[in-house]
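Just so it is clear, none of the values below were taken in a lab; they were calculated from the coordinates. Note that the coordinates shown come from a computational prediction; the quantities given were computed from them, not determined experimentally. With ideal geometry, Cβ positions are generated from the backbone for all residues, glycine too; neighbour counts draw on all protein chains shown.
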Amino acid sequence: MTTPRRTIPRPLILPAVLAVALLVLPVVGLLLEAPWSSLIERLTSEAVLDAMRVSLVVSASAAALCLALGLPLAWVLANSERRGIRVLRAFVLLPMVLPPVVGGTALLFALGRRGFFGEWLDWGVGITLPFTTAGAIVAATFVALPFFVTTLESSLREQGTNLDEAAAAVGSSPWATFVHVTLPTQRGAIAAGLALSWARALGEFGATITFAGSLGGRTRTLPLETFLALESDPESAVAISVLLLAVSLTVLIALRGKWFAR
């Protein structure tokens, strides 16, 4: 049975067109300014390749942390009915709406060498996070984790608990049910969450520069290299921007049916 299409009210057409123009025109402007003839040369320069390496290390590590930490957290949020779960969910979503530079400042005062927890890390364990690659990974994970958690939690809630209850009825333990029932049925959502969190970590700027700085070969990712290049080599900045744009669009198009349809 074909679902009938809604008729678009005419007063909505113009604002919708303006919204599309606001979203599309900057992308068109970027593509028109791209130095296509020297794009490969600029993207393979030593500085860009160095920033690309750091970006890949940081974003891949952040995605792995999102998987390790976000998987149990999403399960708790989707299945717990305890008081305070809404407050916990608000804290999970906070990095999505918090200005990134504020997130970086918060990380600095929490995990910095003089932060209330960072001081103990530095003195007691010998771990220093600010202005290190590990610090850049922590900053990227901070902003990317909500994307993984919300994607998986939504999928878990949509699936419901029927399969878990059926597994429990035949004697499956909670852990066995989680491993053999929940995880296999959530592979698509897990992959979508990983892709989104990886893309968000790859594009992180504000929290990274505030908490980890912009040190070549250590914390200077592609977004930070773009910012620096805007002053000295605008065409290279545009070239890097085109690369990041292509990666982001690829991720969004690939997830069209797995995430946005939901």
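Tabulated results
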read-out: Hey, GLU41 acidic (Asp, Glu) and farther than 26 Å from ALA212 by Cα or not; value: yes
read-out: Contacts under 7 angstrom Cβ, first residue in the range 165-191 being more than 18 Å from LEU67 (Cβ to Cβ), partner surrounded by 13 or more Cβ atoms within 10 Å (Cβ to Cβ) and acidic (Asp, Glu), 6 or more apart; value: THR177/ASP164; VAL181/ASP164
read-out: Residue in the range 36-58 that is loosely packed, with under 13 Cβ neighbours inside 10 Å, farther than 30 Å from VAL242 by Cα and small (Gly, Ala, Ser) present; value: no
read-out: Counted residues, the range 31-53 - those being of a type in the set (Val, Ile, Thr), under 26 Å from the mean Cα position of the chain (by Cα) and part of a helix (DSSP H, G or I); value: 1
read-out: Positions within the range 158-197 being surrounded by 11 or more Cβ atoms within 10 Å (Cβ to Cβ) and within 16 Å of VAL76 (Cβ to Cβ), in sequence order; value: GLN159, THR161, ASP164, PRO174, THR177, PHE178, THR182, LEU183, GLN186, ALA189, ILE190, GLY193
read-out: Residue in the range 70-79 that is assigned to a helix (DSSP H, G or I), in contact (Cβ under 8 Å) with a residue 12 or more places away in the chain and either hydroxyl-bearing (Ser, Thr, Tyr) or surrounded by fewer than 13 Cβ atoms within 10 Å (Cβ to Cβ) (or both) present; value: no
read-out: Whichever residue in the range 198-225 is surrounded by 21 or more Cβ atoms within 10 Å (Cβ to Cβ) and among the basic types (Lys, Arg) and, among such residues, is nearest to GLU46 (Cα to Cα); value: ARG220
